[in-house]
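Enquirer: Structure below; questions to follow.
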2 protein chains.
Amino acid sequence: MASIKDVAALAGVSVATVSRVLNAHQGVRPGTRTKVLHAVSELGYRPNGVARSLRTHQTRTLGLVIGDVLNPFFTELARSVEDAARSRGYSVIIGNADEQPALQDHHVRTLLDRRIDGLLVSPTDGDVGALRDAVETGIPVVFVDRWLHGVDVPVIRADGRRAVHQLVAHLHALGHRRLAIITGPAATSTSTERVGAFREALRALGLALPAEYVAQGDFQTASGRRAAAAFLDLPEPPEVVFATDNLMALGVMEELRARGLRVPRDMALAAFDDIPWFLHTDPPLTAIAQPTADLGHSAVQVLTDLAEGRGAGSVTLSARLTARRSCGEDEGSRR
Amino acid sequence: MASIKDVAALAGVSVATVSRVLNAHQGVRPGTRTKVLHAVSELGYRPNGVARSLRTHQTRTLGLVIGDVLNPFFTELARSVEDAARSRGYSVIIGNADEQPALQDHHVRTLLDRRIDGLLVSPTDGDVGALRDAVETGIPVVFVDRWLHGVDVPVIRADGRRAVHQLVAHLHALGHRRLAIITGPAATSTSTERVGAFREALRALGLALPAEYVAQGDFQTASGRRAAAAFLDLPEPPEVVFATDNLMALGVMEELRARGLRVPRDMALAAFDDIPWFLHTDPPLTAIAQPTADLGHSAVQVLTDLAEGRGAGSVTLSARLTARRSCGEDEGSRR
DNA sequence: TAAGGCGATGTAATCGTTTCCACGCGTCGC
DNA sequence: GCGACGCGTGGAAACGATTACATCGCCTTA
């Protein structure tokens, strides 16, 4: 593959000059400029990004480490992050932690080794070895969706508390009294927030949240299914289950279907994170929607501001409830 | 951030020695080795991947350019590719072409500039500027799922023809006679194959495929919805629609729902690409499933073989039909 | 005892850029 | 007429690693 030297030789100038025209420095005579440009296209020359990065100490690359690529929420987040990054001239390397701290560590480490310009992460758990190192090396880090206590970096997230309160009120209005919840990993901030809000809302309505109505999941499908099974095997199963993410809701549906039970007749269901499929499930699922694309855009905004030496702080957006039929019949929406 | 020189200085050895212990070359005295290792952990030193890549001419990175990240099929593919790559010590940079040739070009170009070791692509269309350049530079390229005529690289794909024939037979057996299809972009190999097989299968059964029963889509949701609308507005709408990917099937469902129509009563529906949600849609969707994970693994296998100088060729797996209720009631599966 | 060989280590070239500095030359002001 | 200046360009030093080659003891062996 042609190098800058070949271009210089062909154009009959020095490599410095070639570099100057390629980087749009002023002070190159038009004639020289066209000579160089000709040589460039003649050879099909493309600058070696690796060498350039070594010299300039920047890779124009952002890292994004997410909980689970198979989760449509994260997929959409990744997509919006990539869009925003590209429009600012950055590429994105996505690391899929699969909700495992060890994998998350691996990705953070690898990304750091690649000398990315900034790191966006939706941290999976409390184990922060590599993450803390990252922050300490001084590389810009921004949390998106989830965050970690004690790690002082900007956080871009949606506050779901109000929406959870609305959801609980909605369920109560439909006559439900025995409400259960499936949480994410204990250490994730989103799980803590959602459970906390749920608990508060119940208390405000004078409802109990017995321990057996709180199932610990891991934000993945299988754990939702296990939790549903456990609920169903209870002497007095809950009337509604609130899954704190969409994949666990899928798991619940799988278990119900396997047992020949129906939503909401046998058990009502609501989820955090709205996704296009929820409109077409049987029945359509009530869910709390996050402004996912905005989350991604803001995150990139803040991260690139940091990477380019501008200051930047946290951003909090808000989530909103979308009621459908999975929790029972509302007003006139029956069919 | 500490460099190899700092380590050498602290350990009191030369950089060459440090490099040797880090790369597990033999012929370093155990004492020296531990001195170096101590210095490394003392400084928290991590080798600079950029510098290393420049020197060794390899980045241990693979590029993956896919049609659409939001498409669960590609998401799953990406996930399996990443898994396979990681287990071989490679990272993956995903480029989302969003089904636009220009974006695909952009990503291929960017990846090449980063000097990735190999490129995996599910080409979006016939415009192959950057792609052809890539092949010409000699970098290993492998097509996965879709391929391009006239570009001579290994192709890893699932042959869906037999499954399409089975699907048509299934539809025929259920009594359907007016079958329609929504294709992908004309230039994509998968679309061509699926339409071709569909057409053949119809002919074999003596059924016609009128031009108005062939809608051109682009593998994305909105186009499925438009196609469904056009079908429904026909004087004699089809009885069944076969969407050649899952997102277009979603679009069809959206349109039907918007018009208050039901599957399969008002219009039956089948899709290419099975995804977990299809089990829970209303009704569960009949679909043709690809061995997605195997596709990803094989692709990485072949690509890394190429990148590491071993020869490798194309792989063809096969897709299979999963009949559910969206095309009408079968034997005893009603509920 | 000296030559040869081998094992451990250091020196320095190299990868492909960017960029600082120096240089030559025409122009301007005095 | 001469120094200062600016402009366009080239030379060469980085960036941080890997690795071919040189070096230096020390051990073996004749």
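The values are calculated or read from the model by the stated rules, or taken from the named source; none is laboratory data. Model, not experiment: these values are computed from the prediction. Don't worry about glycine lacking a Cβ; one is built from the backbone with ideal geometry, like all the others, and counts go over all protein chains shown. Heavy atoms of the whole protein, side chains included, go into the accessibility calculation; ligands, DNA and RNA do not. Shrake-Rupley method; radii C 1.70, N 1.55, O 1.52, S 1.80 Å.
Enquirer: When you go through (1) in the same structural domain as B:Pro123 (by TED's automatic domain parsing); (2) closer than 19 Å to B:Asp145 by Cβ one by one for B:Glu308, which number turns out not to apply?
Expert: B:Glu308 satisfies every listed condition except (2).
Enquirer: Kindly indicate which of B:Val263, B:Val241 is crowded, with 17+ Cβ neighbours inside 10 Å, in contact (Cβ under 8 Å) with a residue 40 or more places away in the chain, touching a Pro at 6+ places or on another chain (Cβ under 7 Å) and not in a helix (DSSP H, G or I).
Expert: Numbers: B:Val241 fails: touching a Pro at 6+ places or on another chain (Cβ under 7 Å).
The match here is B:Val263.
Enquirer: Another question about this same structure. Filter segment A:40-51 down to residues that are part of a helix (DSSP H, G or I) and within 13 Å of DNA strand D (Cβ to nearest atom) and give me whichever is farthest from B:Arg55 (Cα to Cα).
Expert: The qualifying residue farthest from B:Arg55 (Cα to Cα) is A:Gly49.
Rundown of residues vs (1) within 16 Å of B:Glu82 (Cα to Cα); (2) touching a residue at least 24 places away in the same chain (Cβ under 8 Å); (3) at the interface with chain B (Cβ under 10 Å from one of its Cβ atoms), yes/no style:
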{"site": "A:His107", "(1), (2), (3)": "yes, yes, yes"}
{"site": "A:Arg115", "(1), (2), (3)": "no, yes, yes"}
{"site": "A:Thr124", "(1), (2), (3)": "no, yes, no"}
{"site": "A:Val135", "(1), (2), (3)": "no, no, no"}
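Enquirer: Next question. Name the residues in segment B:173-200 that are assigned to a helix (DSSP H, G or I) and open to solvent by less than 50 Å² (accessible area, probe 1.4 Å), would you?
Expert: Start the filter on segment B:173-200 by keeping residues that are assigned to a helix (DSSP H, G or I), which leaves B:173, B:189-200.
Across segment B:173-200, the qualifying residues are B:Ser189, B:Thr190, B:Ser191, B:Glu193, B:Arg194, B:Val195, B:Gly196, B:Ala197, B:Phe198.
Enquirer: When residues of segment A:52-61 are filtered for being out of contact with any helix residue (DSSP H, G or I) (no Cβ under 7 Å at 6 or more places or on another chain), within 11 Å of DNA strand C (Cβ to nearest atom) and not in a loop (DSSP other than H, G, I, E, B), how many remain?
Expert: Residues in segment A:52-61 being out of contact with any helix residue (DSSP H, G or I) (no Cβ under 7 Å at 6 or more places or on another chain), within 11 Å of DNA strand C (Cβ to nearest atom) and not in a loop (DSSP other than H, G, I, E, B): 3 in total.
Enquirer: Right, here's the next one. When you scan segment A:1-32, how many residues do you find that are over 26 Å from A:Tyr90 (Cα atoms), open to solvent by 90 Å² or more (accessible area, probe 1.4 Å) and within 7 Å of DNA strand D (Cβ to nearest atom)?
Expert: Total satisfying the criteria: 1.
Enquirer: In the list B:Glu236, B:Glu254, B:Glu212, which residue meets the criterion of being open to solvent by 20 Å² or more (accessible area, probe 1.4 Å), among the acidic types (Asp, Glu) and within 14 Å of another protein chain (Cβ to nearest Cβ)?
Expert: B:Glu254
Yes/no per residue for (1) in contact with a Cys (Cβ under 9 Å, 6 or more places away or on another chain); (2) more than 12 Å from DNA strand C (Cβ to nearest atom); (3) basic (Lys, Arg); (4) not assigned by TED's automatic domain parsing to the domain that holds A:Ile139:
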residue: A:Ser14; (1), (2), (3), (4): no, no, no, yes
residue: A:Leu22; (1), (2), (3), (4): no, no, no, yes
residue: A:Arg29; (1), (2), (3), (4): no, no, yes, yes
residue: A:Gly63; (1), (2), (3), (4): no, yes, no, no
residue: A:Arg79; (1), (2), (3), (4): no, yes, yes, no
residue: A:Ser87; (1), (2), (3), (4): no, yes, no, no
residue: A:His107; (1), (2), (3), (4): no, yes, no, no
residue: A:Arg114; (1), (2), (3), (4): no, yes, yes, no
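Enquirer: Among the candidates B:Thr221, B:Thr292, single out the residue that is open to solvent by less than 40 Å² (accessible area, probe 1.4 Å), within 13 Å of chain A (Cβ to nearest Cβ) and modelled with pLDDT of 95 or more. First the steps, then the outcome.
Expert: Working: B:Thr221 fails: modelled with pLDDT of 95 or more.
After applying the criteria, what remains is B:Thr292.
Enquirer: Take the residues in segment A:33-51 that are under 39 Å from the mean Cα position of the chain (by Cα) and surrounded by 18 or more Cβ atoms within 10 Å (Cβ to Cβ), then tell me which one is nearest to DNA strand C (Cβ to nearest atom).
Expert: A:Asn48
Enquirer: Say whether the condition of being more than 8 Å from chain B (Cβ to nearest Cβ), under 18 Å from B:Ser91 (Cα atoms) and not in a helix (DSSP H, G or I) is met by at least one residue in segment A:75-89.
Expert: Residues of segment A:75-89 that are more than 8 Å from chain B (Cβ to nearest Cβ), as a first pass: A:77, A:80-81, A:83-85, A:87-89.
Subset that is under 18 Å from B:Ser91 (Cα atoms): none.
For segment A:75-89, residues more than 8 Å from chain B (Cβ to nearest Cβ), under 18 Å from B:Ser91 (Cα atoms) and not in a helix (DSSP H, G or I): absent.
Enquirer: Here's something else I'd like to know. Any chance segment B:130-149 includes a residue that's within 16 Å of DNA strand C (Cβ to nearest atom) and in a loop (DSSP other than H, G, I, E, B)?
Expert: Yes, segment B:130-149 has at least one match.
Enquirer: For segment B:76-90, enumerate the residues that are more than 16 Å from DNA strand D (Cβ to nearest atom), farther than 18 Å from B:Val141 by Cβ and open to solvent by 10 Å² or more (accessible area, probe 1.4 Å).
Expert: Within segment B:76-90, B:Glu76, B:Arg79, B:Glu82, B:Asp83, B:Arg86, B:Ser87 qualify.
Enquirer: A further question follows. Tell me which residues, restricted to segment A:52-64, are touching a strand residue (DSSP E or B) at 6+ places or on another chain (Cβ under 7 Å), open to solvent by less than 80 Å² (accessible area, probe 1.4 Å) and either within 12 Å of DNA strand D (Cβ to nearest atom) or not aliphatic (A, V, I, L, M) (or both).
Expert: A:Thr61, A:Gly63
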